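**Q** The structure follows.
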Amino acid sequence: MDWKKLLGRAMILASCFLSTSCGGGGGGATATTTTSVEATSTTTVIDTTTSGASTTSTSAAVGTTTTIGSTTSTTLLSGELLSPGDLIYLGAFRLPERAPGAPDAQGWEWSGEGLAYNPDGDPSDSGDGYPGSLFAAGLQSDNYVAEISIPAPVVSKNLDDLNVAGTLQGLTDIRSGYFEAFDEIPRMGMEVLPQQAGQSSAKLYLSWGQHFQDNATTMIPSHAWCDLDLSKPNTMGSWWVGDADMLYSVNAYMFAIPSDWAAAHVGGRMLGTGRFRDGGWSGKGPSLYAIGPWLDGAPPSAGASLSYVPLLQYSNTRGDDTTDYTLTDYKHSDEWEGGAWLSSGSKSAVVFVGTKGSGYTWYGFFSPAGDGVPCVADYITDMVNCYNPDGTVCSAELRGYCDGHSPESRGWWNSRFDAQMIFYNPDDLAAVAAGTMQPYEPQPYAILDIDEHLILGPTDDPILHGSGDQRRYRLGEPAYDRARGFLYVLERQADGSKPVIHVWSVN
């Protein structure tokens, strides 16, 4: 099996097999009191009381007011927010080599989905200052799960300089019959939480979906949990979060919510779950819902609907939503791969990591000249397929036939992509939970561009991934060690077709 070609072909076809499946809506609608922030290798703090953005690493102003659509809300920033300058880059490490003769599903090539920190993993830690372990998913078409040790990160872009993680538990199919219908760009997320009420041990929580979920086979419950012994996972599930119409917004990333915040604001629901799906299908920005499966049964019955609290949800483009509430400077080609609820002392922030588009936005192909000029699929006429940097529709000339393109690169593109972390104020999410803000109102207060730390070497498929400024799919999921303040982030296709894991300290 040529797993690279199969997965690549699935990604190409699924990104928009039919023009009616691409999603409509604008390419860059914004909150009315903010402006676009051009992505650069800087930290950006957004002050919504002005018409621009300052490139400093200080906190946002107290008592800022954000106007979104026809709704005005006041966000009181307490000064207890983490800033981009509080994240210190520590380096990176490599994933293990595939065992000789092992099948593709037991390799790390073309991976980058689920990642979760286990504080009790690797009890024979070497004393290098990075105890615990990481659960990580392998080849994306299968998403088998392994547990790896955490070596000391090294600041270098030379792969030979980087330490290599050890294998504690090999890549294993933990689905136990669940989620096996997902074979077309599967999406999955994981998080470890300690033993909860009604449980006898810590659990690995799971969410699973795929790019298209539009029939009875794939419109199925999305969440489960399993034990941490991958040889005997005892997977239990699967459960809905909301109804089938919400699947695109809930079934990818997962991360832990601090227990004190969860108790105060969301009834003890200590798991955040969400998804971003290009084209605006999940919402025009990252989504987030608080859940606590143990609160709904020990375990909940198969097919149960979990209770949930919405924390973040922008308008979607699936056809039934006529509103247009978006992440500031939203683009259809954005990729928000996961999040983490960071804390350090009295400071905190909710961050999402991903690849942010800027410049022109279009549905079509990688720019043949590599110059970021739109290369539009001009035969798609039932939606707007090209936007100027300011969000207006491109001229007829730019929307015309593009000579010299590669058909296999079809999808949503931008003139430029940048790997970023965007910072949300937890107080805004508390206000959403309390009903004093709408789920579409929170906006990031800061942006951290992290391209300077990435390896960004040649990819295994430059037609699919792009190159140079148009390199997309830069990041995978993050994981967070709250006790020690270490943030782990996957960089896709950094070690041949395998990811590497970057590490930041949250000071």
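**Q** What is the distance in Å between the Cα centres of segment 140-208 and segment 347-415?
**A** Each part's Cα centre sits 33 Å from the other's.
**Q** Where does each of 88-96, 432-440 land if you order them by average Cβ count within 10 Å, highest first? Numbers along the way, then the final one.
**A** Details: 88-96: 19.4, 432-440: 17.3.
In descending order of packing, they fall as 88-96, 432-440.
**Q** If packing is taken as the mean number of other Cβ atoms within 10 Å per residue, what is the order of 329-340, 229-240, highest first?
**A** Most protected by this proxy first, the peptides run 329-340, 229-240.
**Q** Could you line up THR217, THR459, THR167, THR361 from fewest to most neighbouring Cβ atoms inside 10 Å?
**A** Working: THR217 9, THR459 20, THR167 15, THR361 27.
Least to most surrounded, the residues fall as THR217, THR167, THR459, THR361.
**Q** Given the C-alpha centroids of segment 284-320 and segment 441-475, what is the distance between them in whole angstrom?
**A** 28
**Q** Quickly work out the ARG484-to-SER124 label distance, labels modelled 7 Å from Cα along the C-beta direction, and quote it in nm with one decimal.
**A** 1.8
**Q** Right, here's the next one. Tell me, in nm to one decimal, what length is gained between ASP460 and GLN199 on full extension, where the rule is 0.36 nm per residue of separation less the Cα-Cα distance?
**A** Working: separation 261, 0.36 × 261 = 93.96 nm, distance 4.31 nm.
Once the chain is fully extended between ASP460 and GLN199, it gains 89.6 nm.
**Q** Mind checking segment 160-267 for GluC sites (Glu not before Pro) that DSSP puts in a loop (not H, G, I, E or B) and that have at most 15 other Cβ atoms within 10 Å?
**A** Values: sites: GLU180, GLU184, GLU191; in loops: GLU180, GLU184.
Within segment 160-267, the qualifying GluC sites (Glu not before Pro) (loop, at most 15 other Cβ atoms within 10 Å) are GLU180.
**Q** Rounded, prolate or oblate for segment 362-447? Axes are the square roots of the Cα gyration tensor eigenvalues, ordered a ≥ b ≥ c, and the cut-off for rounded is a/c under 1.5. Spell out each step's value before the answer.
**A** Working: a/c = 3.30, a/b = 2.34, b/c = 1.41.
The shape class here is prolate.
**Q** What is the distance, in nm, between label points placed 7 Å from the Cα along the Cα-to-Cβ direction at ASN215 and at VAL393?
**A** 3.4
**Q** Fewest to most neighbouring Cβ within 10 Å: what's the order for ARG484, ARG410, ARG269? Don't skip to the answer; put the middle values down first.
**A** Values: ARG484 14, ARG410 21, ARG269 25.
The most exposed by this proxy come first: ARG484, ARG410, ARG269.
**Q** Could I ask something else about it? Is segment 190-335 best put as rounded, prolate or oblate by its Cα gyration tensor, with a ≥ b ≥ c the root eigenvalues, rounded for a/c under 1.5, and otherwise prolate when a/b is larger than b/c, oblate when not? Spell out each step's value before the answer.
**A** Working: a/c = 2.09, a/b = 1.55, b/c = 1.35.
Prolate is the answer for segment 190-335, as a/c is 1.5 or above and a/b outweighs b/c.
**Q** Moving to a separate point now. Which distance in nm do the two modelled labels at ALA298 and MET383 give, with both placed 7 Å along the Cα-to-Cβ direction?
**A** Those two pseudo-labels are separated by 4.6 nm.
**Q** Around TYR440, which amide H atoms from residues at least 5 apart in sequence, or from another chain, sit under 5 Å from its own amide H, with H modelled in the peptide plane?
**A** Those qualifying (amide H under 5 Å, at least 5 residues apart or on another chain) are GLN313.
**Q** Stretch ILE88-SER346 to full length: gain in nm at 0.36 nm per residue minus the Cα-Cα span?
**A** Details: separation 258, 0.36 × 258 = 92.88 nm, distance 1.77 nm.
Extra length from ILE88 to SER346 when fully extended: 91.1 nm.
**Q** So which of LYS157/LYS498; LYS232/LYS498; LYS331/LYS356; LYS284/LYS331; LYS157/LYS331 end up more than 18 Å apart by C-alpha?
**A** Values: LYS157/LYS498 15 Å; LYS232/LYS498 27 Å; LYS331/LYS356 8 Å; LYS284/LYS331 8 Å; LYS157/LYS331 30 Å.
Beyond 18 Å: LYS232/LYS498; LYS157/LYS331.
**Q** Filter the chymotrypsin sites (Phe, Trp or Tyr not before Pro) in segment 379-438 down to the DSSP loop ones having no more than 12 other Cβ atoms within 10 Å, then list what survives. Spell out each step's value before the answer.
**A** Values: sites: TYR379, TYR387, TYR401, TRP412, TRP413, PHE417, PHE423, TYR424; in loops: TYR379, TYR401.
Sites meeting the loop and neighbour criteria: TYR379, TYR401.
**Q** Based on the mean of other beta carbon atoms within 10 Å per residue, what is the order of 112-119, 251-258, most packed first?
**A** Details: 112-119: 24.8, 251-258: 26.5.
Result, highest mean first: 251-258, 112-119.
Read-outs throughout are calculated quantities, based only on the coordinates presented, and are distinct from any laboratory measurement. In this text, all values refer to a predicted model and were calculated from it rather than measured experimentally. In this analysis, Cβ positions are derived from the backbone assuming ideal geometry, glycine residues included, and neighbour counts consider all displayed protein chains.
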